Amino acid sequence: MSECLFCRIVRREIPAQIVQEDERALVFRDVHPQAPTHVLVIPKKHLGSLLEASDEDAALLGHLQRAASRFAAQAGLSSFRLVSNNGKGAGQTVDHLHYHLLAGRPMAWPPG
Ligand code: 5GP
Ligand code: ZN
């Protein structure tokens with residue numbers, strides 16, 4: 001069994017505030033929110049980052065964006081940011097592909 005933190009959340013071995021789930025994706029609240037709404041959109045399948053994704057995963061990657069847009073619509077968000085840190089240099093700290101969905105405050109650009 002994988003010791004990966006997010007794989008363990010998928011298997012319910014670690015508690016999380018899950019807000020949406022389907023057969024391929026999980027959406028849950030970030031434990032250290034950086035905005036009034038901050039959830040993580042992850043595939044249930046373990047991929048370390050986008051760098052591990054292959055052509056076989058193309059539909060899954062689209063599915064994750066649809067999961068994000070479904071959450072945004074259901075949460076009544078009129079704007080939000082969807083961002084994925086890939087690699088340590090980009091700020092990735094958990095090695096299981098995830099998208100941050102942030103909303104509820106002004107967003108600066110470029111991000112730090
Ligand atoms: P990264 O830094 O890899 O882009 O994002 C990882 C995110 O996972 C961080 O925003 C961090 O707050 C969140 N995180 C780390 N550990 C946990 C946890 O145990 N539960 C939840 N819900 N979020 C976590
Ligand atoms: Zn994992």
Checked pairs for the stretch 47-59, first closer than 16 Å to residue 7 by Cβ, second within 13 Å of ligand 1 (Cβ to nearest atom) and open to solvent by 60 Å² or more (accessible area, probe 1.4 Å), C-beta under 8 Å and 6 or more apart or across chains, list as 48/95; 49/95
Is it the case, given these coordinates, that residue 3 is under 18 Å from residue 92 (Cβ atoms), touching a residue at least 40 places away in the same chain (Cβ under 8 Å) and acidic (Asp, Glu)? no
For strands (runs of 3 or more DSSP E) lying entirely in the stretch 13-112, having 2 or more residues that are more than 16 Å from ligand 2 (Cβ to nearest atom) and of a type outside the set (A, V, I, L, M) picks out 37-43
Condition set closer than 27 Å to residue 79 by Cβ and within 10 Å of ligand 1 (Cβ to nearest atom), scope the stretch 10-28, selection nearest to the chain's Cα centre (by Cα): answer is 28
Within the stretch 29-52, residues more than 13 Å from the chain's Cα centre (by Cα) and either open to solvent by less than 30 Å² (accessible area, probe 1.4 Å) or charged (D, E, K, R) (or both) come out as 35, 52
Of the listed residues (5, 26, 82), the one being in contact with a Pro (Cβ under 9 Å, 6 or more places away or on another chain) and open to solvent by less than 90 Å² (accessible area, probe 1.4 Å) is 26
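The values are calculated or read from the model by the stated rules, or taken from the named source; none is laboratory data. Just so it is clear, the structure is predicted and the values come from calculations on it, not from any experiment. Ideal geometry is used to build each Cβ from the backbone, glycine not excepted, and the neighbour counts take in all protein chains shown. Remember, those area values only see protein heavy atoms, side chains included, never the ligands or the DNA or RNA. Shrake-Rupley method; radii C 1.70, N 1.55, O 1.52, S 1.80 Å.
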